[in-house]
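Participant: Please read through the structure below; I'll follow up with questions.
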Amino acid sequence: MHELGLAVEIVEIVTRRAAGARIRRVVVEVGVLTAVLPDALSFCFSLASDGTEAAEAALEILRPSARVRCHACGADSEQTSVFACCPCGATDLEWLSGSEFKISAMEVI
Amino acid sequence: MCASCGCSEIVHSHGDLEHSHAGTLEHSHEHGGAVHTHEPAAARELRLEHDLLESNRLAAAQNRGLFEARGILCLNFVSSPGSGKTTLLERTIRDLGQHLTFAVIQGDQATARDAERVRRAGARAIQLNTGTICHLDAAMVARAVSELDVASGSILAIENVGNLVCPALFDLGEHARVVVASVPEGSDKPVKYPYIFRSADLVLVNKMDLGPYVDFELEAFTGYVRSLNRKATLLPVSATSGQGIDDWYRWLHEHWRQHGVPSAGGPTRTESASR
């Protein structure tokens, strides 16, 4: 359950940035290869934000697709799972992205 | 909050006036004759682009720099609880301890049992009790390394908390990630825990001596690892019977020769030994 520590960190960062303003929405990006469970992160965020300016904030978790390059046919493709497969059928792939884990934006009021 | 004057709620007082607003009424207050509207404050979007793994990545990079400078080969052992990591380390330390110096960071929720076991085998060891935390991070390793005072030219084995989920996310600054799986866990373990197997540099399949008693297909297991990770070396071993153990020792020696030497600028091993 490493998501609790991560949720606490998210709350610390957004409340510091909000500087007293009420936070309405927090947008987090979790890549295909990032070992973070969105449901667990949402649950932990609601616990971690309790009593802070982010208490009523909605946590929006985006799952951007990852780009891979196929070593067999050379083509690039978009992947949405860690079990990736090139449209040509090969699984020998180089991951060009997918390890994102960031707070991309927040909305304050 | 009112966007214009900063007053807090729909019902409020300005000096000695108390009143309520319904919706967005325009009116004047007796405070300098100002005219303004009480519309709901507009939400502002702030771009952050804050990388949540950055602090761990920086701590891991510092660890890696220290390992390179002091010529320490650092391996991060990850597995489920009970895969035989500690038994494998004990045997390795006993078998190779005459030629190689081992230091061990033991991560467990509780007790110092595993650190005591590897100490008895001949390694310097420190036990980290993580309590409710399910993984080690780079900052914990940095503190342990400084306390343990790992000698130049050593092999530092970090035995992570027994868990195939959480440690996948945290780079500790290791040179290689060693995932230990064991035969009784079943052939399909890699696809059930894809993140950790994807990130492995070496997969040790331990308890091969139990092969005849349990339902385990090495070929199927290898296929599952390959569906996620084409690069990892895969070695079947048994820490108790010694099956395949020499292949593991060869891998270890090869990596130690590569990393277990202080980087240029520091004293070489021969010079240190002659002092």
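The values are calculated or read from the model by the stated rules, or taken from the named source; none is laboratory data. Just so we're clear, the structure is a prediction, and the values are computed from it rather than from any experiment. Positions of Cβ are generated from backbone atoms using ideal geometry, with glycine treated the same way; all protein chains shown enter the neighbour counts.
Participant: So, B:Phe221, is that one over 17 Å from A:Leu93 (Cα atoms) and of a type in the set (Phe, Trp, Tyr) or not? If you could, list the steps in order and put the result at the bottom.
Facilitator: Numbers: over 17 Å from A:Leu93 (Cα atoms): yes; of a type in the set (Phe, Trp, Tyr): yes.
Yes; evaluated as a whole, the condition is true for this residue.
Participant: Checking A:Val27 against (1) part of a loop (DSSP other than H, G, I, E, B); (2) farther than 23 Å from B:Asp137 by Cα: exactly one of these is not met. Which one?
Facilitator: Every condition holds for A:Val27 apart from (1).
Participant: Of A:Leu37, A:Leu4, A:Leu33, which residue is under 19 Å from B:Ala168 (Cα atoms), at the interface with chain B (Cβ under 10 Å from one of its Cβ atoms) and touching a Cys at 6+ places or on another chain (Cβ under 6 Å)? Don't jump to the end; show me each part of the working.
Facilitator: Working: A:Leu37 fails: touching a Cys at 6+ places or on another chain (Cβ under 6 Å); A:Leu33 fails: touching a Cys at 6+ places or on another chain (Cβ under 6 Å).
Going through A:Leu37, A:Leu4, A:Leu33 in turn, just one is under 19 Å from B:Ala168 (Cα atoms), at the interface with chain B (Cβ under 10 Å from one of its Cβ atoms) and touching a Cys at 6+ places or on another chain (Cβ under 6 Å): A:Leu4.
Participant: Further, regarding this structure: On the basis of being in contact (Cβ under 8 Å) with a residue 12 or more places away in the chain, surrounded by fewer than 20 Cβ atoms within 10 Å (Cβ to Cβ) and more than 11 Å from the chain's Cα centre (by Cα), does B:Ala200 make the cut?
Facilitator: On the way: in contact (Cβ under 8 Å) with a residue 12 or more places away in the chain: yes; surrounded by fewer than 20 Cβ atoms within 10 Å (Cβ to Cβ): no; more than 11 Å from the chain's Cα centre (by Cα): yes.
No; evaluated as a whole, the condition is false for this residue.
Participant: Could you list all residues from region A:45-55 that are touching a helix residue (DSSP H, G or I) at 6+ places or on another chain (Cβ under 8 Å) and of a type outside the set (Phe, Trp, Tyr)?
Facilitator: Matches in region A:45-55: A:Leu47, A:Ala48, A:Ser49, A:Thr52, A:Glu53, A:Ala54, A:Ala55.
Participant: Of the residues B:Val150, B:Val183, B:Val165, B:Val145, which single one is under 19 Å from B:Pro81 (Cβ atoms) and either charged (D, E, K, R) or buried (at least 20 other Cβ atoms within 10 Å of the Cβ) (or both)?
Facilitator: Details: B:Val150 fails: under 19 Å from B:Pro81 (Cβ atoms); B:Val165 fails: either charged (D, E, K, R) or buried (at least 20 other Cβ atoms within 10 Å of the Cβ) (or both); B:Val145 fails: under 19 Å from B:Pro81 (Cβ atoms).
The unique qualifying residue is B:Val183.
Participant: For region A:78-109, which positions are among the aliphatic types (A, V, I, L, M) and outside any loop (DSSP other than H, G, I, E, B)?
Facilitator: Initial filter on region A:78-109 (among the aliphatic types (A, V, I, L, M)): A:82, A:84, A:90, A:93, A:96, A:103, A:105-106, A:108-109.
Those that are among the aliphatic types (A, V, I, L, M) and outside any loop (DSSP other than H, G, I, E, B): A:Leu93, A:Ile103, A:Ala105, A:Met106, A:Val108.
Participant: Right, here's the next one. Just a yes or no: is a residue in region B:187-201 in contact with a Leu (Cβ under 6 Å, 6 or more places away or on another chain), at pLDDT 95 or above and more than 14 Å from chain A (Cβ to nearest Cβ)?
Facilitator: The answer is no; no qualifying residue exists.
Participant: Now for a separate question. Does B:Phe221 satisfy the criteria of being crowded, with 19+ Cβ neighbours inside 10 Å and over 22 Å from the mean Cα position of the chain (by Cα)? Break it down stepwise before answering.
Facilitator: Values: crowded, with 19+ Cβ neighbours inside 10 Å: yes; over 22 Å from the mean Cα position of the chain (by Cα): yes.
Yes.
Yes/no matrix, rows are residues, columns are (1) acidic (Asp, Glu); (2) at pLDDT 90 or above; (3) in a strand (DSSP E or B); (4) assigned by TED's automatic domain parsing to the domain that holds B:Gly153:
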| residue | (1), (2), (3), (4) |
| --- | --- |
| B:Gly6 | no, no, no, no |
| B:His19 | no, no, yes, no |
| B:Ala22 | no, no, no, no |
| B:His31 | no, no, no, no |
| B:Gln62 | no, yes, no, yes |
| B:Leu66 | no, yes, no, yes |
| B:Gly82 | no, yes, no, yes |
| B:Leu89 | no, yes, no, yes |
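Participant: Could you list, in sequence order, the residues of region A:7-22 that are facing another protein chain (nearest Cβ under 9 Å) and without any contact (Cβ under 8 Å) to a residue 40 or more places away in the chain? Show your work before the answer.
Facilitator: Going residue by residue through region A:7-22, those that are facing another protein chain (nearest Cβ under 9 Å) are A:9-10, A:13-14, A:17-18, A:21-22.
The one that is facing another protein chain (nearest Cβ under 9 Å) and without any contact (Cβ under 8 Å) to a residue 40 or more places away in the chain: A:Glu9.
Participant: Then there is this: A:Ala54 passes all but one of (1) closer than 12 Å to A:Arg25 by Cα; (2) within 12 Å of another protein chain (Cβ to nearest Cβ); (3) surrounded by 17 or more Cβ atoms within 10 Å (Cβ to Cβ); which number fails?
Facilitator: All conditions pass for A:Ala54, except number (2).
Participant: Still on this structure, I have one more. List the pairs whose first member sits in region B:128-153 and is assigned by TED's automatic domain parsing to the domain that holds B:Leu58 and at pLDDT below 90, whose second member is surrounded by fewer than 19 Cβ atoms within 10 Å (Cβ to Cβ) and hydroxyl-bearing (Ser, Thr, Tyr), and whose Cβ atoms are under 8 Å apart, counting only residues at least 6 apart or on separate chains?
Facilitator: B:Asn129/B:Thr111
Participant: Can you give me the number of residues within region B:96-127 that are surrounded by fewer than 17 Cβ atoms within 10 Å (Cβ to Cβ), at pLDDT 95 or above and closer than 17 Å to B:Val161 by Cβ?
Facilitator: Result for region B:96-127: 0.
Participant: Let me ask another. Which one of the conditions (1) touching a Gly at 6+ places or on another chain (Cβ under 6 Å); (2) within 14 Å of chain A (Cβ to nearest Cβ); (3) modelled with pLDDT of 95 or more does B:Val161 fail to meet, given that it meets all the rest?
Facilitator: Answer for B:Val161: the failing condition is (3).
Participant: Could you identify the single residue in B:Leu53, B:Leu66, B:Leu88 that is in contact (Cβ under 8 Å) with a residue 40 or more places away in the chain and farther than 30 Å from A:Glu3 by Cα? First the steps, then the outcome.
Facilitator: Working: B:Leu53 fails: farther than 30 Å from A:Glu3 by Cα; B:Leu66 fails: farther than 30 Å from A:Glu3 by Cα.
After ruling out the rest, the residue left standing is B:Leu88.
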